[in-house]
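Some notes on the structure that comes next.
The values are calculated or read from the model by the stated rules, or taken from the named source; none is laboratory data. Every value quoted in this text rests on a predicted model; they were computed, and no experiment measured them. Virtual Cβ from ideal backbone geometry, glycine too; neighbours counted across all protein chains shown. Just the protein is used for accessible areas: all its heavy atoms, side chains included, with ligands, DNA and RNA removed. Shrake-Rupley method; radii C 1.70, N 1.55, O 1.52, S 1.80 Å.
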Amino acid sequence: VVREGRALVVAANKMDLIVDAGYTKEDFANAVQGQIETRFPMLRKTPVIAMSSLYGKNVHKLMPVVFEARDRWSRVVSTGMLNRWLEEVLDEHSPPSQQGRPTKIKYILQTKGRPPTFLLFCNVPELPINYLRYLTRHFQDSFSYYGMEVRMVVKKSAENPYASKSAAKSIGVGDW
């Protein structure tokens with residue numbers, strides 16, 4: 001699921017065997033969700049439907065959650081909304097400096113909808129992995145991209161093509 005970039009919904013079957021007066025279906029779903037998050041941190045808050053197919057309990061709740069996950073997985077976020085989000089994130093926690101230079105993330109855009117892939121234009125060729133994880137988690141919380149991996153790719157922006165490479169003085173009208 002992670003390698004293919006798919007959205008995940010877990011149908012936790014056999015609820016009838018473990019649910020009793022002291023252990024509810026919500027406890028069962030939370031335990032399954034905790035196991036997923038422990039093993040695959042990028043799949044935070046994966047939707048889990050505790051169900052019993054033998055007795056037909058909660059089976060009807062599965063397909064609406066699947067369709068919702070599919071819609072979230074294929075959603076396209078506008079560049080304007082992404083850049084407003086990025087501005088808020090950068091104000092809250094700016095990226096760490098690299099090689100004595102401040103790291104600047106200039107803008108972000110979505111390149112693919114399935115799987116959700118985003119391109120960050122920076123003044124450095126790569127960002128630290130812990131900062132990328134921070135951005136991904138914040139993004140998942142802001143745009144509800146749960147149960148799927150959000151891919152963030154860093155690209156170094158081209159230098160300003162209009163900036164003069166040499167300090168040669170150009171001569172114009174009147175030898176200025």
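Some observations on this one:
- GLN110 being open to solvent by less than 50 Å² (accessible area, probe 1.4 Å), closer than 22 Å to PRO128 by Cα and modelled with pLDDT under 90: no
- Selected residue (criterion: modelled with the highest pLDDT) from residues of segment 154-176 that are open to solvent by less than 70 Å² (accessible area, probe 1.4 Å) and aliphatic (A, V, I, L, M): VAL154
- Filtered by the rule that a residue be loosely packed, with under 14 Cβ neighbours inside 10 Å, within 30 Å of ASN13 (Cβ to Cβ) and among the hydrophobic types (A, V, I, L, M, F, W, C), segment 67-94 gives a lone residue, PHE67.
- Every pair of residues 6+ apart whose Cβ atoms lie under 9 Å, when the first sits in segment 126-137 and is closer than 10 Å to VAL154 by Cβ while the second is among the charged types (D, E, K, R) and outside any loop (DSSP other than H, G, I, E, B): GLU126/LYS156
- Residue selected from segment 82-111 under the condition in a loop (DSSP other than H, G, I, E, B) and under 20 Å from the mean Cα position of the chain (by Cα), by the criterion nearest to PRO125 (Cα to Cα): LYS104
- Restricting segment 2-47 to residues that are among the β-branched types (Val, Ile, Thr) and modelled with pLDDT of 90 or more, the residue that is farthest from VAL59 (Cα to Cα): THR38
- Subset tally (residues that are assigned to a loop (DSSP other than H, G, I, E, B) and free of Cβ contacts under 8 Å to residues at least 24 places away in the same chain) for segment 41-65: 1
- Selected residue (criterion: least open to solvent (accessible area, probe 1.4 Å)) from residues of segment 1-25 that are closer than 15 Å to VAL65 by Cβ and of a type in the set (D, E, K, R): LYS25
- Of all residues in segment 121-147, those being at negative phi, within 12 Å of the chain's Cα centre (by Cα) and not polar (S, T, N, Q) number 11.
- Of the residues making up segment 114-153, those that are of a type in the set (D, E, K, R), surrounded by fewer than 18 Cβ atoms within 10 Å (Cβ to Cβ) and not in a strand (DSSP E or B) are ARG114, GLU126, ARG133, ARG137, ASP141.
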